[in-house]
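Working notes for the structure below.
The values are calculated or read from the model by the stated rules, or taken from the named source; none is laboratory data. Model, not experiment: these values are computed from the prediction. All Cβ positions, even for glycine, are placed from backbone atoms using ideal geometry, and neighbour counts span all protein chains on display. The protein model used for the area step is the full one, side chains on, heavy atoms only, and it has no ligands, DNA or RNA in it. Shrake-Rupley method; radii C 1.70, N 1.55, O 1.52, S 1.80 Å.
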Amino acid sequence: ALDHASTGNWVAISWDTELSDNASMFAASSTDITVPSAGVYIIEARLAFASHATGVRGCRILVNGTAVSWDQEQAEANVNAHGSSVSVALAASDVITVEGFQNSTGNLAYNVTVGIIGCSVTRIGGYS
């Protein structure tokens, strides 16, 4: 299981599997998704954390190191799922990164068994 090793810090997600990538935007075990061409994209990210009631959990999307969308909420006793999405104009070679946040006071695993951890990047058109 993936561990969020740093309590109190945003940590980039290193993706290990891809379901579809017809534009060669991603290489396994990388934190980066590189946009191949300019256009308007919808980016959706989802993270789920193991059960733990202490602290805050979050998910954010960055483009070239700048946060463009995020969700951050108080933790609950059951599985904590968080997602973020954004529609954004990107240039060719822009880099998308997804980060997770938790401050439970210790390491906390991502909950991969709930099937909602992932990132989707879809080009919906050119610049207008």
If every alpha-carbon in the chain counts as one equal scatterer, what log10 I(q)/I(0) does Debye give at q = 0.13, 0.14, 0.18 1/Å? -0.51, -0.59, -0.92
Between residue 40 and residue 77, what is the label-to-label distance in nm when each label sits 7 Å out along the Cα-to-Cβ direction? 4.5 nm
Please identify, among 92, 109, 75, the residue showing maximal mean-square fluctuation in a Gaussian network model of the chain using a 10 angstrom Cα cutoff. 92
Carbon and sulfur %, accessible surface of the range 32-120 computed with the full protein complex present, 1.4 Å: 49 percent
For residue 111, residues with placed amide H under 5 Å, excluding near neighbours: 48, 49, 50
For the range 80-85, in residue order, the Karplus 3J(HN,Hα) values (coefficients 6.51, -1.76, 1.60; θ = phi - 60°; whole Hz; Gly and Pro = x) are 9, 10, 9, x, 8, 8
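Using a 1.4 angstrom probe, figure out how much accessible area the chain has per residue, in square angstrom, rounded to the nearest whole.
On the way: 6470 Å² over 128 residues.
Counting only protein heavy atoms, the per-residue value for the chain is 51 Å².
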Which of 58, 100, 39 fluctuates most in a GNM of the chain (C-alpha springs under 10 Å)? That residue is 39
Which of 83, 106, 118 moves the most in a Gaussian network model of the chain with Cα springs under 10 Å? 106
What are the ³J(HN,Hα) values, in whole Hz, obtained from phi via the Karplus relation 6.51 cos²θ - 1.76 cosθ + 1.60 with θ = phi - 60°, for each residue of the range 65-77 in sequence order, with x given for Gly and Pro? x, 10, 5, 10, 6, 7, 9, 8, 9, 4, 5, 10, 5
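Work out, step by step, the length gained on full extension between residue 20 and residue 54: first 0.36 nm times the residue separation, then minus their alpha carbon distance; give nm to one decimal.
8.7 nm
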Compute the relative contact order of the range 46-128 as a whole-number percentage, counting only Cα pairs closer than 8 Å that sit 6 or more residues apart in sequence. 39 percent
